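Written out below as structure tokens is the structure these notes cover.
The values are calculated or read from the model by the stated rules, or taken from the named source; none is laboratory data. Because the structure is predicted, anything quoted here is derived from the model rather than measured. So basically every Cβ, Gly included, is an ideal-geometry build from the backbone, and we count neighbours across all protein chains shown. Accessible surface areas use protein heavy atoms only, side chains included; no ligands, DNA or RNA. Shrake-Rupley method; radii C 1.70, N 1.55, O 1.52, S 1.80 Å.
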Amino acid sequence: VLNKIDLLPGNDGELGDLLMSYQALGYSVVRATVRGEHGLDELYAKLAGRTSVFVGQSGVGKSSLIDCLLPNEALRIGALSEDSRKGTHTTTTARLYSLPGGGELIDSPGIREFGLTHLDERQVTEGFIEFHEYLGRCRFRDCRHRNEPGCALLEAVEEGQISAERFASY
Ligand code: GDP
Ligand code: ZN
């Protein structure tokens, strides 16, 4: 979800290309704003009938979106959990909302940083959906996709089948 599109120029500025690269990979992208209520019906349709979670840094507008999507405060079921993370003594409270048409939405208001330390290398690699068709095709079974000869991922980047930006991010 790209929220606050009311703050963007008409063509989405430089974010347009970024969003397009995700769409090309098969991710569905919703452009939304609570100012003028654009994209909210489309977002609601994607949440309906399933369990979803809003994840994002503080300030991106998760609570505002929920207020618009679920104006009825009585739908709030309550706190799921409280934990203090990374010794910062920050209390995070996830909330579970029930959608009138079926489905549940979890809000995670306390997220300040995005960390990967709980994942092993294989899980991070598999997180890149466009890598899937190349995994297992490297010359070495234990290839770490750094500079190994016969690395299928590196070859795919070389041939432009995997975006160099995405690979650099990996
Ligand atoms: P959260 O921390 O992710 O829950 O973010 P909030 O919902 O508290 O929103 C953070 C700030 O962004 C608030 O000042 C909101 O009024 C503002 N905001 C939220 N959604 C939008 C939007 O679509 N457009 C604009 N311009 N501001 C927004
Ligand atoms: Zn490899």
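Using heavy-atom solvent-accessible surface (probe 1.4 Å) with all chains present, what is the largest-first order of His118, His132, His145? Spell out each step's value before the answer.
Details: His118 140, His132 95, His145 25 Å².
Sorted descending by solvent-accessible area, the residues read His118, His132, His145.
How many nm is it between the label spots at Gln161 and Ile129, if each spot is 7 Å from the Cα in line with the beta carbon?
In this crude label model, Gln161 to Ile129 measures out at 1.8 nm.
Return the carbon/sulfur percentage of the accessible area of the range 1-64, one whole number, probe 1.4 Å, all protein chains in place. Mind showing how you got there, number by number?
Values: 2120 of 4140 Å².
Carbon plus sulfur share of accessible area: 51 percent.
Carbon and sulfur: what percent of the range 96-170's accessible surface (1.4 Å probe)? Could you put the intermediate results ahead of the total?
Details: 2460 of 5050 Å².
Here carbon and sulfur together make up 49 percent of the probe-accessible area.
Ordering Ile5, Ile66 from largest to smallest accessible area (1.4 angstrom probe), what's the sequence? Mind showing how you got there, number by number?
On the way: Ile5 25, Ile66 5 Å².
Descending order: Ile5, Ile66.
Just the number please: accessible area per residue for the chain, 1.4 Å probe, all protein chains included, in Å². Write down the numbers at each step before the final one.
Values: 11340 Å² over 170 residues.
Value for the chain: 67 Å² per residue.
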